[in-house]
Amino acid sequence: MLFSNPHEKKYKESYKERNLYYKIFAGVIFNELIPENDLPLRFIECLSVKYGETCEAFKTNEKTHVIADLKGLKEDAQNGNLTVFFDYHVEQILKEKGLSCYECSLKGEIADIFIGGSNNFIAIEAKYLTDFGFGKDVEKNQKRILFAQENIGTSTGIQVLLISDKKHYNLKKKKNCKNSNYEALRNYLVNQANDIPFILIDWKDIENLIPDNISFGNAKKYLEKKLRG
């Protein structure tokens, strides 16, 4: 069904990137229909580790308020107090505030995967088959996250970029090239004035979260196959 295709020769897998993150994030990690599913908690714990690794990789300092925010999200995960949306757009916030979409220059998607907690939200840009573009997928998204932060109660945002480990390797390999996304990202993280926390995570980290057991085995095999391809 979701993670197997007995009619593979007849029905080819969707080539859209959202096909993958819908299946994994909705069908596995944040699936509240799975009994005793602790993957939301494990995912937030993974983000906490990756925040430290991101700061180390780009030579920036870890900030205590970000660690506290992630701790708060971890508590939300433990209490089943997270909300998850897909393809979340600025227009949604504008409608809730009774504003016209035409009044905002930041129209567009805040996150492929939006995770809201009591006091914080996570905006994930998910890339799998394609490379990310710094201007489109990082810089512009930060402005949308700032807009959301200013217009969703007291919530503060955390920006997450999810890419494949192959794309991550190629990103670092090209860091000294002209117009390198890696260098643009490094400068952004070192010099950003708005201080939106940023976390870089690999799909391999997501694969490692999923247990290889009777409940999750098919999903893990599916993801392993997609990442190998």
For Cα pairs less than 8 Å apart in space and 6+ apart in sequence, what is the mean separation divided by the residue count of the stretch 108-229, i.e. the relative contact order in percent? 23
Taking a threshold of 30 Å on the Cα-Cα distance, which of the pairs Lys143/Lys172; Lys140/Lys221; Lys95/Lys136; Lys50/Lys178; Lys23/Lys63; Lys107/Lys127 fall above it? Lys140/Lys221; Lys23/Lys63
What's the FRET efficiency of Glu36 with Thr83 using the Cβ-Cβ distance as r and R₀ = 25 Å, to the nearest 0.05? 0.80
Whenever you get a sec, line up Phe86, Phe134, Phe43 from highest to lowest accessible area (probe 1.4 Å, protein heavy atoms). Phe86, Phe134, Phe43
Relative contact order in percent for the chain (Cα pairs under 8 Å, 6+ apart) equals 20
If you take the alpha carbon radius of gyration of the chain and divide it by 2.2 N^0.38 Å, what ratio comes out, to two decimals? 1.03
Return the single residue from Ile93, Ile44, Ile210 with maximal mean-square fluctuation; model: Gaussian network over the chain, springs between Cα atoms under 10 Å. Ile93
Mind telling me which of Ile110, Ile158, Ile34 comes out most flexible in a GNM of the chain, alpha-carbon contacts under 10 Å? Ile34
Could you calculate the contour length gain from Tyr169 to Asp195, that is, 0.36 nm times the residue separation minus the distance between their Cα atoms, to one decimal place in nm? 6.8 nm
Expressed in square angstrom to the nearest 10, the accessible area of Thr130 with a 1.4 Å probe stands at 60
Just the number, please: carbon plus sulfur as a percent of the accessible area of the chain, 1.4 Å probe, no ligands or DNA/RNA counted. 49
Probe 1.4 Å, accessible area per residue of the chain, Å²: 55
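The values are calculated or read from the model by the stated rules, or taken from the named source; none is laboratory data. Keep in mind the model is a prediction, meaning the values are calculated, not measured. We place every Cβ from the backbone using ideal geometry, glycine too, and count neighbours over all the protein chains shown. Ligands, DNA and RNA are excluded from the accessible area calculation, which covers all protein heavy atoms including side chains. Shrake-Rupley method; radii C 1.70, N 1.55, O 1.52, S 1.80 Å.
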